[in-house]
Amino acid sequence: MKTLFLSFMIGLSNLAYCQNIYFTDKGQISFFSTTPIENISAVNNKVYSMINLETKDIVFSLKMSDFKFENQLMKEHFLENYVEASIYPKANYKGVFLSSLNPDSCKTSKPCKIETQGELTIHGVSQMQKTTTNLYFEKNEWIAKTEFWVKLEDFKVKVPQLLWEKLSEKIKVIVDMKYRIYIKN
Amino acid sequence: MALIFQKKALFILFYFFSFSIFAQEDLMKILESEQKPTTEYISATFKGTRIVNGPSIEQPGKKVLQFMILHRFGSINNGMYDFFGLDQARIRLGLDYGINDRLSVGLGRSSAYKMVDAYIKYKILRQSTGEKNMPISLSVYSDIGFNTLNDDPDLNERQNIARFSYFTQLMVARKFSERLSFQLGLGFVHRNFIKNPFEDNTVLFSSLSGRIKITKRFAITSEYFVTLPWQIKSPYNPSLSLGFEIETGGHVFQMHLTNARDMADPVYVTETRGDWSKGDIFFGFNISRAFVLGKKKDKTW
């Protein structure tokens, strides 16, 4: 009887734990480099991300080679010379929401602005990153949007000082996510 | 009895406590377990669509128009009088267009025989790792050239069909590491008209090319074309080139020393006169500029 009760409790806790997790494998992260000579942008539509409402954890993982550029040469250059994707194929983020997420108070008409703080890893270098995320809950999905700036220097991405290099030192990153409830396979 | 109960309560407490720790620490692990295996196509086996003279397995890329200038100066052993060949020049101007990531077409105009040529290149296999594992890349390249010289009496007395020559090569390449790539080629050249009756109209050849990356932006390349020895006669030699590549983002600048002075596809295979042992070699460079056509104006992101 006691064993039954125990297994029931474990099952319940497992269920509760899964219900608190929201997931996406089609998140969108794009970046923009703006200089007077040339604007470069790329978009990644295969970003994996999870949020745990209970623990307020948020994680991201993306593959550098999933970034789409307007030009094959740009992509080659990005992967080979800037982010060195053969050594560091992924970029990750591990963070926490600094206040709690409540589906009832974050509506389309009035999105919540929540601070997130965590560790962003690009090019094998981890940096603390603090951003404000706009979130709302609609039709059983969490929609999250944020943007922040990344300094290439902070992540040891070297940009040679040649006249024909047209890359800005500060890159704007735009994050656009749509999470649904996580069902474990 | 009470002790046993306490132990159990402790166990349950401990269990839930450890579980919540687990949940916090391993959200990243759960996420990573969800990431599906994908196929990674190997990029930049070579940096240019041509290694020196000969084609590489690389394509310009979808909807990319590439303008390429191949330039060779005169023979270095002419010495100071000719400023080591810099007084003279031969050239091939080319336009390459990527229809998609696998198929490209191109046009060229060379000083050798004032030749106009057109080619098609198709990437049959792409080297990849991950879910789909392919150890090599395989491409086929086929070029047709038309000799437009108007002062060659042998050609002038013949039909125009005599002015055509053909070049086809199958190329197998592998990027062994970030630094090292090799390409092996096998092909044939067919010339509708040849001046030396002891040569063959159809010449089989093979090629070996390599690239060694030294730093992020510099690489050493080499290329060797050899034919069956009895098919072409003296004074023609196999062509050997040594090059140095500088990558500047969107541009590749290739400089080389070669004994093949002409850059039209059939000519460097069958009519390379230069001789490395006599210093009868040529300094040259290739530059290319890529233009992206069909840019999307309304960016949805």
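Brief remarks on what is shown
- Residue satisfying condition, being among the small types (Gly, Ala, Ser) and modelled with pLDDT under 85, within set B:Ala23, B:Ala44: B:Ala23
- Residue ID - surrounded by the fewest Cβ atoms within 10 Å (Cβ to Cβ), chosen from residues in the range B:60-103 that are within 20 Å of B:Thr272 (Cβ to Cβ) and basic (Lys, Arg): B:Arg90
- Filter result for B:Asp117 (part of a loop (DSSP other than H, G, I, E, B) and over 14 Å from the mean Cα position of the chain (by Cα)): no
- Flag if B:Lys195 is touching a residue at least 40 places away in the same chain (Cβ under 8 Å) and closer than 13 Å to B:Thr270 by Cβ: yes
This table checks each residue for (1) loosely packed, with under 12 Cβ neighbours inside 10 Å; (2) closer than 23 Å to B:Lys36 by Cα.
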| site | (1), (2) |
| --- | --- |
| A:Met74 | no, no |
| A:Lys94 | no, yes |
| A:Ser100 | yes, no |
| A:Phe155 | no, no |
| A:Lys170 | no, no |
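- Qualifying residues in the range A:50-97 (those that are at the interface with chain B (Cβ under 7 Å from one of its Cβ atoms) and of a type in the set (Ser, Thr, Tyr)) - the one farthest from B:Thr215 (Cα to Cα): A:Thr55
- Residue check for B:Glu178: under 24 Å from the mean Cα position of the chain (by Cα) and buried (at least 18 other Cβ atoms within 10 Å of the Cβ): no
- Just one of the numbered conditions (1) modelled with pLDDT of 85 or more; (2) in contact with a helix residue (DSSP H, G or I) (Cβ under 7 Å, 6 or more places away or on another chain); (3) farther than 15 Å from A:Thr35 by Cα is not true of A:Lys184: (1).
- The range B:124-160: number of residues that are of a type outside the set (Gly, Ala, Ser), touching a residue at least 60 places away in the same chain (Cβ under 8 Å) and surrounded by 18 or more Cβ atoms within 10 Å (Cβ to Cβ): 4
- Near pairs, Cβ below 7 angstrom, 6+ apart or cross-chain, from the range B:241-264 (within 14 Å of another protein chain (Cβ to nearest Cβ)) to any residue that is surrounded by 20 or more Cβ atoms within 10 Å (Cβ to Cβ) and of a type in the set (Val, Ile, Thr): B:Glu245/B:Thr221; B:Glu245/B:Val252
- The lone exception for B:Leu293 - which of (1) touching a residue at least 24 places away in the same chain (Cβ under 8 Å); (2) under 23 Å from A:Asn81 (Cα atoms); (3) within 14 Å of another protein chain (Cβ to nearest Cβ) it fails: (2)
- Filtering the range B:200-221 to residues that are out of contact with any helix residue (DSSP H, G or I) (no Cβ under 9 Å at 6 or more places or on another chain), in contact (Cβ under 8 Å) with a residue 40 or more places away in the chain and not β-branched (Val, Ile, Thr) leaves B:Ser209, B:Arg211, B:Ala219.
The values are calculated or read from the model by the stated rules, or taken from the named source; none is laboratory data. Since the structure is predicted, the reported quantities are computational estimates derived from the model, not experimental observations. All Cβ positions, glycine included, derive from the backbone under ideal geometry; neighbour counts span all protein chains shown.
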